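K.L.:
Let me give you the structure first, and then I'll get to my questions.
The values are calculated or read from the model by the stated rules, or taken from the named source; none is laboratory data. This is a predicted model, so every value here is computed, not measured. In this analysis, Cβ positions are derived from the backbone assuming ideal geometry, glycine residues included, and neighbour counts consider all displayed protein chains. Please note that ligands, DNA and RNA were not included when accessible areas were found on the heavy atoms of the full protein model with its side chains. Shrake-Rupley method; radii C 1.70, N 1.55, O 1.52, S 1.80 Å.
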Amino acid sequence: MPEDESQNETPPDGTKKPTLPPGYGDDGDESSSEEDTPSGTKKPAGPPASSGDDAGTKKPTLPPGFGDGAGGDGSADGEPALSRKDFQSDQDVRWCPGCGDYAILSAVQRLLPELDAEKAEHVFVSGIGCAGRFPYYMDTYGMHSIHGRAPAIATGLKASRPELQVWIVTGDGDALSIGGNHLIHALRRNVDLQLLLFNNEIYGLTKGQYSPTSERGKVTKSSPYGSIDAPLNPVRVALGADASFVARTMDRDPQHMKAVMEQSYDHDGAAFVEIYQNCNIFNDGAFFEFTEKETKPERALFLDDGAPMTFAEGKKGLRLDGLSLEVIDLENGRFSTSDCLVHDASDEMLAELLGRIFWDEPASNGSAGDQKLPRPFGVIYQEQRPTYEELLHTQIDGITEKKGAGDLDALFRSGETWTVE
Amino acid sequence: MNQTDAEVPSANGQTDTEALPEATVLFAGDSGDGMQLTGSQFTLATAHAQSDLSTLPDYPAEIRAPAGTTYGISGFQVHFGSGNVRTPGDSVDLLVAMNPAAVKVHLGRVERGGTVVVNTNAFNDRGFKLADLDANPLDDGTLDDYRVVEVELSKLTREALSDTDLSTKEVDRSKNMFALGLALWLFSRPMAPALEWIGKKFEDKPALRDANRHVLKKGYHYGETTEQFVTRYDVAPADLEEGTYRAVRGAEALALGLVAASEKSGLGLFYGSYPITPASDILHELSRHKNFGVMTFQAEDEIAAAGSALGASFGGQLGVCATSGPGLALKTETIGLATMTELPMVILDVQRGGPSTGLPTKTEQGDLFQAIYGRNGDAPLPVVAPDGPADCFRAAYDACRLACTYMTPVILLADVYLANGSEPWRIPDAADLPPFEVNFATEPNANGDPESTHVNGKKNGEASFLPYRRDEETLARPWAKPGTEGLEHRVGGLEKEAETGDVSYDPANHQHMTDVRAEKIQCVARDLDPPAVYSAGTGADEGDLLITAWGSTRGAVETAVDRLQGRGTLWPLPPGLEAIFDRFEHHLVPEQNNGQLARLLRDEFLLDFRPYGKVQGQPFTPGEIVEKAEAMIS
Ligand SMILES: Cc1ncc(C[n+]2csc(CCOP(=O)(O)OP(=O)(O)O)c2C)c(N)n1
Ligand code: SF4
Ligand SMILES: [Mg+2]
């Protein structure tokens, strides 16, 4: 929803579904992952108990896929389980119809009831941008802060309240331009939070200037003759900042998005999740190459820890050629799956190679002809290391144990004192 | 050194001891000469002798400026007396100069007839050249009006330590102890505190410990045995209020005030900070007190320092950050967010010479406008200004209380002089500190909205939480901690609808919210006492001239008033000022900037406030204010 731009025409309703990209619709509600819900008090799985009244009452501005699907309200052990609806605030969602942000919001609202945290423990902190409006739509604690600073605010919050579940929602401009400094420091400190970077390769809210992720040559309002800036590759920025969890997903694949988000939540430490998000107003189709069914199989590589790197419905794979990656054809008899690299998210060198696959990815010289390397999605890198708040409080506890809990009167009187009678 | 008639014969019968009401001593030398340390040890001894005192450390911005140069001079001034001491002293009675450059830089501060102790071993051609002097000040007439005591400090120190195994460098480094010993003897200050301190400092290095103690004593005895001193001085104990005291630097007092606020309120102290002189000392001090649960966070920049503090405040902690002028500029946007989200937050600004990087180690009060007005939009907030190093404790504690009571960011304006200066602090009992209770919201505060079908998603009659429903008295909104069930809400920088806190672009609502934010800050003034007019005990509260000042200028102004014949929160202005101003003909406003308070007062009261700005990196002396005041009323 660009600033003061009126995008208030009646948006498409469900009938326009065909115009929606695959995976964008609402249908993927009950994902199989719900079976894996931790055995906490909340059991979101179950028959859709809520009435379908939403369909009628929801604002017509909502694109399909955003309306309240029936989250399972049933509960096995009597406690009312939370549903997706419990995480929807009463605020009208004001993104442009068709914006990829809806699908991301929907994925989060579906995921949260399945997680092992209380609803009141989730806090969403965002910066400024279209993406930044996210917290207003979540019926959780939240702060819509200032441009680029969400990681700093979230760091103070999480460090001082480690028991909370802190999520950052940010845009490509917010995180990588004005907030680049805070981003890298939150990552290297390994504050336990989930950072969802909505990358639409454009400044949406300010109506369409090129962003630090826009490709060179991009024609926008502020670059009518083409941008001369070299783009940043967010994944490599995160790897370079020593993020302990780096993943990429896409708005048009709700299942994948939700699964990656869940992994980010399960990760102890700073989890960086880049989400390819379509801004259909100012940068429509920026990622269609990876997200649309015609090209997705050839251009997107879905990583699975422990599994060989194959794509194009198993017809192609990636292998190591010296220090480079190479596309191999698994159908011409020369190579088989066993020649493919096996993904190991804990391997930093592999993460380096995967992270380097970007706009200027080299053409492969393998048997698959001149095919470009497919863009990797999923968890690219993950390592376990102590979190910032853990270290902070361990240190405080250790010192307190050693010195004894602070005594104010003793502190006042420390050093040289004298008495006047 | 206002001499009195009382001359007391000294114990050894050789030197007379003269009783003085007050004295000022200045140690000056290379930054590597250990002058700050010498000065603080002299201060400690003086505190033990129960003098009232005030100090002014003054050091160069460079860590190790070239030795012997004028710009590498580091000084430490101590003013002490048996009466009320409020400033580091107008003029110096004893200057201890470790080299020619120190004489060149500081002689101007020495009273005519005052004593100058020089380390003659540094007075050679090399020393003159480094100090850019054409001739030896000891014999070119420069020092004719002063009582000069030439001491071979370096040589005497080397001799004293000739039978130790210490390196020449180590030996030479302890010459400041000789100077200290001599100064202690000259002003009849006890040696015990310094001896004890050396013992602690060199606990693990017995050779250095013994050497330093030995040299200290040598310096002390040198005074006694040499015949260079005709008189020795003493300053009687001051008539201080009963109680236990310690010397406290402003930076330390600020840190203690924050820890006290955290302990009394039960809020965790989260301190975000990016190093900057002179605010770093607060970070250093606080990071030592982790056993009070203090969370210190060295942020990547001041924006993050402020942001992390605000994040902690949103989480229900006491979010504090500290900086100096340039850093305050960076925090501006976050402070605006704190104003909009109405979250408590305390920002300490240790002012230094500006603009830009300015004079990083010199004092100034130039951030007043930045603190009161320096944000986009109408973003009022309370500003608290301590008036002395010890008062920094009170000010930090109050700033935290105000922030939590009124749900607002509060700026505290200290300055280099306050932060680095020290004075005796009458230690309070923790139990006697003003109460500091914080009540978090735990329950919904509304039952839906009768006007509409829902409030925050709740139907009419259903309990709901209105994050912007205000306390009638303080106009503060409730503070609900994340994690509290049922009170989920969102805050943010977009304008908020009254009560619900929903985003609102409604014109009338914005007018209303702007007015309420201003009114809330004005509520702070209700709790303030009208300022008292200081009239040197004469009781006068009307007359020709009223001097109005703020912050650290108080000491100089009160001392000036003593010679010729207003405290608390700075913004909002305390009540009752208008009536006071009306009773005076002329108004003088001395402050260490180019007239910021004067302009603010003119704006508020439409009276002719005469600014008297001093921006030389040094605090006012009472003498300067006397002169200006006399000129105005003559
Ligand atoms: C300090 C500051 N500078 C500039 C802006 C204007 N501004 C708002 S959003 C934005 C860019 C947002 O781009 P991005 O982070 O990619 O978010 P998107 O709108 O694309 O989701 C800018 C420049 C601002 N709000 N604050
Ligand atoms: S990102 Fe683009 S499509 Fe989405 S709300 Fe912003 S301008 Fe509209
Ligand atoms: Mg963007």
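K.L.:
Hey, got the dipole for segment B:5-235? About the Cα centre, +1 on K and R Cβ, -1 on D and E Cβ, debye to the nearest 20? Display every interim value, and only then the final one.
P.N.:
Numbers: 22 positive and 34 negative charges, 161 e Å.
Value, rounded to 20: 780 debye.
K.L.:
For segment A:133-144, just list the computed ³J(HN,Hα) in residue order, Karplus coefficients 6.51, -1.76 and 1.60, θ = phi - 60°, integers in Hz, with x standing in for Gly and Pro.
P.N.:
6, 3, x, 5, 8, 9, 8, 10, 6, x, 9, 9
K.L.:
Right, next: Which loop-located trypsin sites (Lys or Arg not before Pro) does segment A:86-155 contain, where loop means any DSSP state but H, G, I, E or B and the Cβ has at most 12 other Cβ atoms within 10 Å?
P.N.:
Values: sites: A:Arg94, A:Arg110, A:Lys119, A:Arg133, A:Arg149; in loops: A:Arg94, A:Arg149.
Those that pass, being in a loop and sparsely packed, number zero.
K.L.:
With +1 on each Lys and Arg Cβ and -1 on each Asp and Glu Cβ, how big is the dipole of segment B:301-423 about its Cα centre, in debye rounded to the nearest 20? Each step should come with its number before you reach the end.
P.N.:
Working: 6 positive and 13 negative charges, 23 e Å.
Magnitude of the dipole: close to 100 debye.
K.L.:
To continue, here is another question. If one puts a single equal scatterer on every Cα of segment B:170-319 and applies the Debye formula without solvent, what log₁₀ I(q)/I(0) results at q = 0.18 Å⁻¹?
P.N.:
After summing over all Cα pairs, the log10 values are -1.02.
K.L.:
Ordering A:His144, B:His512, A:His185 from largest to smallest accessible area (1.4 angstrom probe), what's the sequence?
P.N.:
Details: A:His144 5, B:His512 90, A:His185 35 Å².
My answer, sorted largest first, is B:His512, A:His185, A:His144.
K.L.:
On to the next question. Heavy atoms only, 1.4 Å probe, whole protein assembly: order B:Val148, B:Val350, B:Val230 by accessible area, highest first.
P.N.:
Details: B:Val148 55, B:Val350 0, B:Val230 105 Å².
These residues rank, largest area first, as B:Val230, B:Val148, B:Val350.
K.L.:
Ordered by residue, what ³J(HN,Hα) values in Hz, to whole numbers, does segment A:214-221 give under the Karplus form 6.51 cos²θ - 1.76 cosθ + 1.60, where θ = phi - 60° and Gly and Pro are x?
P.N.:
5, 6, 4, x, 5, 8, 9, 4
K.L.:
Ranked highest first by average number of other Cβ atoms within 10 Å, how do A:382-388, A:240-246 line up? Spell out each step's value before the answer.
P.N.:
Numbers: A:382-388: 17.0, A:240-246: 22.0.
My ranking of the peptides, most packed first, is A:240-246, A:382-388.
K.L.:
At 7 Å along Cα-to-Cβ for each site, give me the label-to-label distance between B:Asn509 and B:Ala430 in nm.
P.N.:
Here the answer is 4.5 nm between the modelled labels.
K.L.:
Would you mind checking A:Lys207/A:Lys296; B:Lys175/B:Lys362; A:Lys402/B:Lys200; A:Lys258/A:Lys293 for any pair whose Cα atoms are more than 25 angstrom apart? Present the calculation step by step, with values, prior to reporting the outcome.
P.N.:
Values: A:Lys207/A:Lys296 28 Å; B:Lys175/B:Lys362 27 Å; A:Lys402/B:Lys200 20 Å; A:Lys258/A:Lys293 19 Å.
In this structure, A:Lys207/A:Lys296; B:Lys175/B:Lys362 lie more than 25 Å apart at Cα.
K.L.:
Rounded if a/c is under 1.5, else prolate if a/b beats b/c, else oblate: with a ≥ b ≥ c from the C-alpha gyration tensor eigenvalues square-rooted, which is segment A:106-199? Before the final figure, lay out the partial values.
P.N.:
Numbers: a/c = 1.87, a/b = 1.27, b/c = 1.47.
Oblate, because a/c is 1.5 or more while a/b does not exceed b/c.
K.L.:
Would you work out the Kirkwood radius for the protein assembly as shown? I mean one over the mean of 1/r across all pairs of different Cα atoms, in Å. Write out the running numbers ahead of the final one.
P.N.:
On the way: mean 1/r = 0.0307 Å⁻¹.
One decimal place: 32.5 Å for the Kirkwood radius.
K.L.:
In the protein assembly as shown, with Lys and Arg counted as +1 and Asp and Glu as -1 at Cβ, which of these residues, B:Gly81, A:Val327, B:Val149, has the Cα nearest the positive end of the dipole, that is, farthest along it?
P.N.:
Highest projection toward the positive end goes to B:Val149.
K.L.:
Also, quick follow-up: With both bridge residues required to lie in segment B:1-155, what share of the DSSP beta bridges run antiparallel, to the nearest 5%? Don't skip to the end; give the middle numbers.
P.N.:
On the way: 19 of 33 bridges.
Given both bridge residues lie in segment B:1-155, the antiparallel proportion sits at roughly 60 percent.
K.L.:
For B:Leu161, what charge total do you get from the other residues with a beta carbon under 13 Å from its beta carbon, if Lys and Arg give +1 and Asp and Glu give -1? Can you show the working numbers first?
P.N.:
Values: positive: B:Lys155, B:Arg158, B:Lys169, B:Arg173, B:Lys175, B:Arg209, B:Arg213, B:Lys217, B:Lys218; negative: B:Glu159, B:Asp163, B:Asp165, B:Glu170, B:Asp172, B:Asp210.
Neighbour charge sum, excluding B:Leu161 itself: +3.
K.L.:
If you don't mind, there's one more thing I want to ask. If all Cα-Cα distances of segment B:222-306 are sorted into 5 Å bins from 0 onward, what percent lands in each bin, rounded to whole numbers?
P.N.:
Once binned at 5 Å, the Cα pair distances of segment B:222-306 give 3, 12, 16, 15, 12, 7, 7, 7, 7, 6, 5, 2, 0.
K.L.:
Dipole magnitude of the protein assembly as shown about its Cα centre, charges +1 at Lys/Arg Cβ and -1 at Asp/Glu Cβ only, in debye to the nearest 20? Before the final figure, lay out the partial values.
P.N.:
Working: 93 positive and 161 negative charges, 313 e Å.
It comes to approximately 1500 debye.
K.L.:
Moving on to the next point. Antiparallel versus total DSSP beta bridges in the protein assembly as shown: what percent is that, nearest 5? Kindly include the intermediate steps, with their values, before the conclusion.
P.N.:
Values: 55 of 138 bridges.
Just about 40 percent of them are antiparallel.
K.L.:
Which percent of the accessible area of chain B is formed by carbon and sulfur heavy atoms (probe 1.4 angstrom)?
P.N.:
Details: 11410 of 24450 Å².
The computed percentage sits at 47.
K.L.:
Given R₀ = 22 Å, what would the calculated FRET efficiency be for B:Ala631 paired with B:Asp608, taking r from the Cβ atoms and rounding to 0.05? Before the final figure, lay out the partial values.
P.N.:
Numbers: r = 15 Å, r/R0 = 0.69.
After rounding, the FRET efficiency stands at 0.90.
K.L.:
I would also like to ask the following. Measure off 7 Å from each Cα along the Cα-to-Cβ vector at B:Glu203 and A:Lys293, then give the distance between these two points in nanometres to one decimal.
P.N.:
Result for the modelled spin labels: 7.5 nm.
K.L.:
What residue among B:Gly617, B:Met632, B:Leu546 has its Cα farthest toward the positive end of the dipole of segment B:543-633, where the charges are +1 on Lys, Arg and -1 on Asp, Glu, each on the Cβ?
P.N.:
Selected residue: B:Gly617.
K.L.:
Put simply, what bits of segment B:277-299 lose 40 Å² or more of accessible area when the other protein chains are there, versus the chain on its own (1.4 Å probe)?
P.N.:
B:Lys290, B:Asn291, B:Phe292, B:Met295, B:Phe297
K.L.:
Turning to a different aspect of this structure: Please work out whether segment B:5-235 counts as rounded, prolate or oblate from its C-alpha gyration tensor, where a ≥ b ≥ c are the square roots of the eigenvalues and a/c under 1.5 means rounded, while otherwise a/b larger than b/c means prolate and anything else oblate? Show your work: numbers first, answer last.
P.N.:
Numbers: a/c = 1.35, a/b = 1.07, b/c = 1.27.
Rounded shape, in that the Cα axes give a/c under 1.5.
K.L.:
Same structure, new question: Looking at the square roots a ≥ b ≥ c of the eigenvalues of the Cα gyration tensor of segment B:246-431, which shape do they give, rounded for a/c under 1.5, prolate if a/b is larger than b/c, or oblate?
P.N.:
Working: a/c = 1.45, a/b = 1.06, b/c = 1.36.
Rounded.
K.L.:
How large is ³J(HN,Hα), in whole Hz, for each residue of segment B:190-196 in order, when computed from phi with the Karplus curve 6.51 cos²θ - 1.76 cosθ + 1.60 and θ = phi - 60°, using x for Gly and Pro?
P.N.:
Each residue's phi maps through the Karplus curve to give x, 8, 3, x, 5, 4, 5 Hz.
K.L.:
Report for segment B:246-431 the percent antiparallel among DSSP-assigned beta bridges with both residues inside it, nearest 5. The partial results should precede the final answer.
P.N.:
On the way: 5 of 27 bridges.
Bridges in segment B:246-431 that DSSP calls antiparallel: roughly 20 percent.
K.L.:
Ignoring ligands, DNA and RNA, what accessible area per residue does chain B give at 1.4 Å, in Å²?
P.N.:
On the way: 24450 Å² over 634 residues.
I get 39 Å² per residue for this part.
K.L.:
Can you list the residues, at least 5 places off or on another chain, whose amide H is less than 5 Å from the amide H of B:Phe584, using H built in the peptide plane?
P.N.:
B:Gly543
K.L.:
Take peptide B:312-322, look around each residue's Cβ out to 10 angstrom, count Cβ atoms belonging to other protein chains, and average those counts. Don't skip to the end; give the middle numbers.
P.N.:
Working: counts 8, 4, 12, 13, 3, 5, 1, 4, 0, 1, 0.
Partner-chain Cβ atoms within 10 Å, mean over residues of B:312-322: 5.
K.L.:
Summed for both chains, how many Å² of accessible area, to the nearest 100, are buried between B and A with a 1.4 Å probe?
P.N.:
Adding both sides of the contact gives about 5700 Å².
K.L.:
Kindly report, to the nearest 10 Å², the accessible surface of A:Trp418 as traced by a 1.4 Å probe over protein heavy atoms only.
P.N.:
20 Å²
K.L.:
How high is the FRET efficiency from B:Arg469 to A:Met349, r the C-beta distance, R0 51 Å, rounded to 0.05?
P.N.:
Numbers: r = 56 Å, r/R0 = 1.10.
Computed FRET efficiency for B:Arg469 and A:Met349 comes out at 0.35.
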